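Below is one structure, written out as structure tokens, with a few remarks after it.
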Amino acid sequence: TSIAAHYARVYAYHKALEWDLALKEADALIEKEPHNPFFYEIKGQILFENGHVEQSLPIFESAVAYAPHEPLVATALGQAMVSLEKEDMMEKAIPILEDATRIDPGNTFAWFNLAKAYSWIGQDAKASLATAERFFSAGVPPQAMMHARRAMEGFKPGTPEHLRAQDIFFVSQEATERMER
């Protein structure tokens, strides 16, 4: 009946594809610690991974409310919103994912979802910049350079976005040249 035992069973049941049992264990954790964001996050993840995306949203929102400065929790919410592929969800996901990448600029998964959201609503330059950030963070300079170039073409010179794309481009260009040598 301990928290550790419930938590272990959540994962065991989830891995064994016993999702109803995993959800019951997650609910038991939430009942024991109703302000623990990670118990909401695991329940949301189980729902999300099993195709109950819309049902996972309020659960992920609770997780974010209890842990507003945890970028991985925010990324899970943003991913669920983006996966619905609806314009209103994309617009809601963008500030959540922007905050996640601001707190954790190395969060390549948040950058991926942010790029998808920007692209979905027609902000192609921002999508290219987010993709450049993703590849830059992942240490893949040729792709970072390519997407940074696209981003630079879409932003007015001198804007913060253009300058950031330019920085990524030049640093990635140097890294690519070193790799080629």
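The values are calculated or read from the model by the stated rules, or taken from the named source; none is laboratory data. Note that this is a predicted model, so its numbers are computed, not measured. Quick reminder, even Gly has a Cβ in these numbers, built from the backbone with ideal geometry, and neighbours come from all protein chains shown. Accessible surface is based on the protein model in full, side chains and every heavy atom, while ligands, DNA and RNA are left aside. Shrake-Rupley method; radii C 1.70, N 1.55, O 1.52, S 1.80 Å.
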> Using helices alone, what [θ] at 222 nm do you get for the chain, with -39,500 (n - 2.57) per DSSP H run of 4 or more residues, divided over all residues and rounded to the nearest 500?
Replying inline: -26500 deg cm²/dmol
> Roughly how many debye, to the nearest 20, is the charge dipole of the chain about its Cα centre, given +1 on each Lys and Arg Cβ, -1 on each Asp and Glu Cβ, and no other charges?
Replying inline: 420 debye
>> Just to verify a number: what accessible area does Val140 come out at with the full protein assembly present, 1.4 Å probe, Å² rounded to tens?
In response: 50 Å²
>> Using DSSP H assignments, which helices in the chain have an axial alpha-carbon span of 15 Å or above and a mean Kyte-Doolittle hydropathy of -0.5 or higher?
In response: 3-15, 19-32, 37-49, 53-66, 71-83, 87-103, 108-120, 124-138
>> Please give the Cα centre distance for region 125-165 versus region 1-66, rounded to the nearest Å.
In response: 36 Å
>> Rolling a 1.4 angstrom probe over the protein chains, ignoring ligands and nucleic acids, what is the accessible area of Leu23 in square angstrom, nearest 10?
In response: 30 Å²
>> Can you sort Thr131, Thr1 by solvent-accessible area, 1.4 Å probe, largest first?
In response: Thr1, Thr131
> Of Gln45, Ala8, Thr176, which is farthest along the charge dipole of the chain in the positive direction, counting Lys and Arg as +1 and Asp and Glu as -1 at C-beta?
Replying inline: Thr176
>> Could you give the length gained by full extension between Ser2 and Glu87, i.e. 0.36 nm per residue of separation minus their alpha carbon distance, to one decimal place?
In response: 26.4 nm
>> Keeping all protein chains in place and using 1.4 angstrom, which order do Lys32, Lys43 fall into by accessible surface area, from largest down?
In response: Lys32, Lys43
> Using a probe of 1.4 angstrom, how much of the accessible area of region 95-181 is carbon and sulfur, in percent?
Replying inline: 54 percent
>> Rounded, prolate or oblate, given the Cα gyration tensor of region 112-169, with a/c below 1.5 counting as rounded?
In response: oblate
